[in-house]
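First up is the structure itself, then whatever we jot down about it.
Values in this text are rule-based calculations from the coordinates and carry no lab data. Predicted model, so just to flag it, every value in this text is computed and none were measured. Glycine also receives a Cβ, built like all others from the backbone with ideal geometry; neighbour counts cover every protein chain displayed.
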Amino acid sequence: MKLENICPICEVVKSGLLKYITDVKYIFTPLFIKNRYHLHLGYSFLLTLPSMYVLLTFLNLAGTPFWFHLFVGGFGAFGVNFLRELLYEDLYGAPFDWGDVHFGSYGGILGALLATFIF
């Protein structure tokens, strides 16, 4: 029995996860600046810090495990960057780039990491 018959979405999830992990390689190439991945990483990092401060201080996120802080920061930045890419594609005709979304998520993880240690 093939995996596609048991779990039809597993192949899509596996390829998406693999792309998410392997997009890190662009940090060491000229495409990091050319495709403006550095902006998504930096802005997501800076925007995650105050949001994590609010979550950690006022909404009791500090009582949860450390890995959950990283998940919240990464997933929040992923969602914001995904919506931004959808809007820019819809309003301005800009091509949707998963790299932008992934680097925004990386910035969210780094921001959550720093916020956890600061606050």
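Things to note:
- Region 1-105 holds helices (runs of 4 or more DSSP H) entirely within its bounds, and those carrying 3 or more residues that are in contact with a Gly (Cβ under 7 Å, 6 or more places away or on another chain) map to 37-58, 66-92.
- Region 86-117 - residue that is aliphatic (A, V, I, L, M) and loosely packed, with under 12 Cβ neighbours inside 10 Å and, of those, farthest from the chain's Cα centre (by Cα): Leu91
- Meets criteria (buried (at least 16 other Cβ atoms within 10 Å of the Cβ), touching a residue at least 12 places away in the same chain (Cβ under 8 Å), farther than 15 Å from Phe119 by Cα and not aromatic (Phe, Trp, Tyr)) for Leu56: no
- Selection of region 59-75 for residues being crowded, with 17+ Cβ neighbours inside 10 Å and over 9 Å from Ile109 (Cα atoms) yields only Leu61.
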